[in-house]
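What follows is a short report on a single structure.
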Amino acid sequence: MISILMETYDNLTVELAGSNLIEASAGTGKTFAIACLYLRLVVEQGLLPENVLVVTFTEAATKELKTRVRERLCLFRDFSYGIGKGDEFSAALLNGANPWWPGREAALERVENAVRTFDCAAISTIHGFCSRALQENAFESGSLYNTELVPDQTPLIREIVDDFWRVNFFGDDAPLLATVLRKKWLHDEMLRFLRGKLANPDLEVMPLFDRDQEESLSRRCHALYDSLVASWHADRAELENILVTHKGLSRAKDKYRADMVPGLLAAMDSYLAVGNPFELFEGIEKFSSDFMESQALKREAPPRHEFFNRCGELLDLVDKRFIALKGSLFRFARQRLSRLKSDRNIRFYDDLLTDLYLALEGPSGSDLAARLRE
């Protein structure tokens, strides 16, 4: 069980040990707090700038942090010599307001050393820190030398999507192409689907079907399709009569209006003649029991027929097969992206975080952690 102690934050008295999570909204002085903590680490623990790691998110924030931290060190130094105007924090620290004060002489010597060596300060973006850690500890991290950092991975992802398209939809045997075109799931949609899903190696996409499961879904789709073909040939006249005359069907414009029924029947004729269960037509859902239930009139129950039940089952299976296809793209992209990056010796910004994380979790992780702590 983990217990968390909540208390009001104070730059002067918070202990410089362990882990502290500070909750602060915008404009509440986070940068000021970091600069004060930095000064205390220098004064109270005798650390040099190269011993203190500060990471943030953007280059702009990094630049501001460096400026503000150096200003804080210089302000304290000058105030200690009676030069310039100090502030409440510097005055309280100089007067020994906390129990870790080392004394005036030791504090001034430490601050002077920090200002002189501030060019070695380890203040950077988190990506910059990870890049440096990997480069300087290539052996412990298992990192490749001279890896090129590529800022935009979109062209490579687009190349992978193109490969997936060629593998799955070029050639005569591409039954799922009809579903992809109907759902307008083309190159740009595939790119959007993959966005944010490839950086984290621990990310799971669910449901994710393996190849045997995908083939099983396809077989079930074909089996249901064949049963629809047989039922349509046997009962077409009955089914047509239901669609034309049944009082449980709404005759509204977007339902079963009389002048629209012949087009639905002709579309079903064509669909069941083409031989591909995935080549669905616009309006096929109107042959499903679920759709008929959803538009049922209060005064009459919707029609019942095994054909309508099977049609609904087939639509559900086709949708499931499409979901499996999306998972197939994710699996394909993850494997192909890893191989392409290795072959071309490139990294993206997200890879810097992931690679350092994996290195710290790997067999040499403890050695790498020790090197970083130094």
Item to check | Share of alpha-carbon pairs per 5 Å distance bin for the stretch 231-362, given as whole % | outcome: 2, 8, 14, 17, 12, 8, 5, 5, 5, 6, 6, 6, 5, 1, 0
Checklist outcome for this item: Rounded to the nearest 10 degrees, the helix 349-361 long axis (Cα) sits at an angle to the longest Cα principal axis of the chain of 70
Item to check | Angle between the chain longest axis and helix 59-80 axis [Cα atoms, degrees, rounded to 10] | outcome: 20
Checklist entry - the stretch 225-289: Rg/Rh from Cα coordinates, Kirkwood Rh? => result 0.95
Next on the checklist: Let me understand the stretch 57-165 better: what is its radius of gyration from the alpha carbons, and its Dmax, in angstrom?
Outcome noted: 22.0, 72
Checklist entry - Kirkwood-based Rg over Rh for the stretch 292-341 (C-alpha set), two decimals? => result 1.39
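Around ALA107, with a cut-off of 13 angstrom between Cβ atoms, what is the net charge of the other residues, counting Lys and Arg +1 and Asp and Glu -1?
0
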Checklist outcome for this item: Projecting the Cα atoms of PHE209, VAL52, ILE157 onto the charge dipole of the chain, where Lys and Arg contribute +1 and Asp and Glu -1 at Cβ, the residue farthest towards the positive end is ILE157
Next on the checklist: Which of rounded, prolate or oblate describes the stretch 162-226 when judged by the alpha-carbon gyration tensor and an a/c cut-off of 1.5?
Outcome noted: oblate
Checklist entry - If only Cα atoms are counted, what is the Rg of the stretch 150-293, and what is its Dmax, in Å? => result 20.0, 64
Checklist entry - Given [x] 171; [y] 238; [z] 135, which label gives volume of the Cα convex hull per residue in Å³ as computed from the coordinates? => result [y]
Checklist entry - Computed over the Cα atoms, what is the radius of gyration of the stretch 256-333 divided by 2.2 N^0.38 Å, N being its residue count? => result 1.32
Item to check | Furthest towards positive pole of dipole, TRP101, VAL274, LEU224, structure part the chain, Cβ charges | outcome: VAL274
Checklist entry - Who wins for biggest fluctuation among GLU215, GLU140, GLU300 in a Gaussian network model of the chain, springs between alpha carbons below 10 Å? => result GLU300
Next on the checklist: Connecting C-alpha atoms closer than 10 Å in a GNM of the chain, tell me which of ILE123, ILE346, ILE83 has the biggest fluctuation.
Outcome noted: ILE83
Checklist entry - If we sort 22-28, 169-175, 313-319 on the protection proxy, mean other Cβ atoms within 10 Å, highest first, what's the order? => result 313-319, 169-175, 22-28
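Taking N as the number of residues in the stretch 287-374, what is its Cα Rg relative to 2.2 N^0.38 Å? Intermediate results must be reported in sequence, preceding the final value.
Values: Rg = 26.3 Å, N = 88, 2.2 N^0.38 = 12.1 Å.
Computed over Cα atoms of the stretch 287-374, the ratio equals 2.18.
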Item to check | Residues of the stretch 184-212 with amide N under 14 Å of a point placed 7 Å along Cα→Cβ from GLU282 | outcome: 184
Checklist entry - Roughly how big is the stretch 1-116's charge dipole about its Cα centre, with Cβ charges of +1 (Lys, Arg) and -1 (Asp, Glu), in debye to the nearest 20? => result 320
Item to check | Dipole moment magnitude, nearest 20 debye, the chain about Cα centre, only Lys, Arg, Asp, Glu C-beta charged | outcome: 740
Checklist entry - Per residue, how much accessible area does the chain show when a 1.4 Å probe rolls over the protein heavy atoms, in square angstrom? => result 59
Checklist entry - Can you pull the percent of the chain's accessible area that's carbon plus sulfur, 1.4 Å probe, other chains left in place? => result 51
Item to check | D (Stokes-Einstein, µm²/s), Kirkwood Cα radius, the stretch 88-238, 1.002 mPa s at 20 °C | outcome: 92
Checklist entry - When the Cα centres of the stretch 74-144 and the stretch 226-288 are compared, how far apart do they sit, in Å? => result 76
Checklist entry - How big is D for the stretch 32-72, in µm² s⁻¹ as a whole number, if Stokes-Einstein is applied with the Kirkwood radius of its Cα pairs at 4 °C and 1.567 mPa s? => result 123
Next on the checklist: Show me, for the stretch 166-183, the HN-Hα J-couplings you get by feeding each phi into the Karplus relation (A = 6.51, B = -1.76, C = 1.60, θ = phi - 60°), rounded to Hz, glycine and proline as x.
Outcome noted: 5, 5, 9, 10, 8, x, 6, 9, 9, x, 7, 4, 4, 5, 4, 5, 4, 8
Checklist entry - Counting Lys and Arg as +1 and Asp and Glu as -1, what is the net charge of the other residues whose Cβ lies under 12 Å from the Cβ of LEU16? => result -1
Checklist entry - For the chain, what is the calculated [θ] at 222 nm in deg cm²/dmol (nearest 500), taking -39500 (n - 2.57) for each run of four or more DSSP H residues and dividing by its residue count? => result -19000 deg cm²/dmol
Item to check | Amide H contacts of THR125 (H built 1.01 Å from N, under 5 Å, at least 5 apart or other chain) | outcome: THR56
Checklist entry - Taking the chain as a Gaussian network, where each spring joins two C-alpha atoms under 10 Å apart, which residue of LEU65, LEU325, LEU181 fluctuates the most? => result LEU181
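The values are calculated or read from the model by the stated rules, or taken from the named source; none is laboratory data. Predicted, not measured: the structure shown is a model, and the values here were computed from it. Neighbour counts are summed over all protein chains in view; Cβ atoms, including those assigned to glycine, are modelled from backbone coordinates with ideal geometry. Only protein heavy atoms, including side chains, enter the accessible area calculation; ligands, DNA and RNA are left aside. Shrake-Rupley method; radii C 1.70, N 1.55, O 1.52, S 1.80 Å.
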